[in-house]
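Peer 1: Let me give you the structure first, and then I'll get to my questions.
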Amino acid sequence: MSSKKFIEFEHIFPFSVVEIIICDENNNFLLTKRAIEPFKNKWHFPGGLVEKNTSLKKWSKSLLKEKWV
């Protein structure tokens, strides 16, 4: 997507994303493998698009509960 098209899209559909970095006492990081495109089967920090009118803190907590609790 070109920069111009992305800016047009952003005005129609503003969004935020969050990536959660979890590290243990040995400096090991939690990574997940993407299940969808783009970058399917590549390692990344867990996260994603935040739903409209949801706080980043609330979304992060719900993501953690959904995936790992």
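The values are calculated or read from the model by the stated rules, or taken from the named source; none is laboratory data. Predicted, not measured: the structure shown is a model, and the values here were computed from it. Positions of Cβ are generated from backbone atoms using ideal geometry, with glycine treated the same way; all protein chains shown enter the neighbour counts.
Peer 1: So how many residues does segment 23-41 have that are touching a helix residue (DSSP H, G or I) at 6+ places or on another chain (Cβ under 9 Å) and polar (S, T, N, Q)?
Peer 2: 1
Peer 1: Across segment 15-39, what is the number of residues that are part of a loop (DSSP other than H, G, I, E, B), loosely packed, with under 10 Cβ neighbours inside 10 Å and either in contact with a strand residue (DSSP E or B) (Cβ under 9 Å, 6 or more places away or on another chain) or of a type outside the set (D, E, K, R) (or both)? Spell out how you get there, then give the answer.
Peer 2: So in segment 15-39, the residues part of a loop (DSSP other than H, G, I, E, B) come out as 15, 20-22, 24-28, 30-31, 34-39.
Applying the additional criterion that residues be loosely packed, with under 10 Cβ neighbours inside 10 Å yields 24-28, 35-38.
Adding the requirement that they be either in contact with a strand residue (DSSP E or B) (Cβ under 9 Å, 6 or more places away or on another chain) or of a type outside the set (D, E, K, R) (or both) leaves 26-28, 35-36, 38.
Selection size over segment 15-39: 6.
Peer 1: Among what's in segment 40-59 and is assigned to a strand (DSSP E or B) and within 15 Å of Val17 (Cβ to Cβ), pick the residue that is modelled with the highest pLDDT.
Peer 2: If we filter segment 40-59 for residues that are assigned to a strand (DSSP E or B), which is where we start, we get 43-44, 47-50.
This time we only want the ones that are within 15 Å of Val17 (Cβ to Cβ), so: 44, 47-50.
Details: His44: 90, Gly47: 83, Gly48: 79, Leu49: 78, Val50: 79.
Looking at the filtered set, the residue picked out is His44.
Peer 1: Please find, within segment 2-14, the residue that is modelled with the highest pLDDT out of those that are assigned to a loop (DSSP other than H, G, I, E, B) and of a type outside the set (Ser, Thr, Tyr). Spell out the reasoning first.
Peer 2: Kept after step one, since they are assigned to a loop (DSSP other than H, G, I, E, B), are these residues of segment 2-14: 2, 13-14.
Filter once more, so that each one left must be of a type outside the set (Ser, Thr, Tyr): 13-14.
Working: Phe13: 69, Pro14: 65.
Within segment 2-14, the match that is modelled with the highest pLDDT is Phe13.
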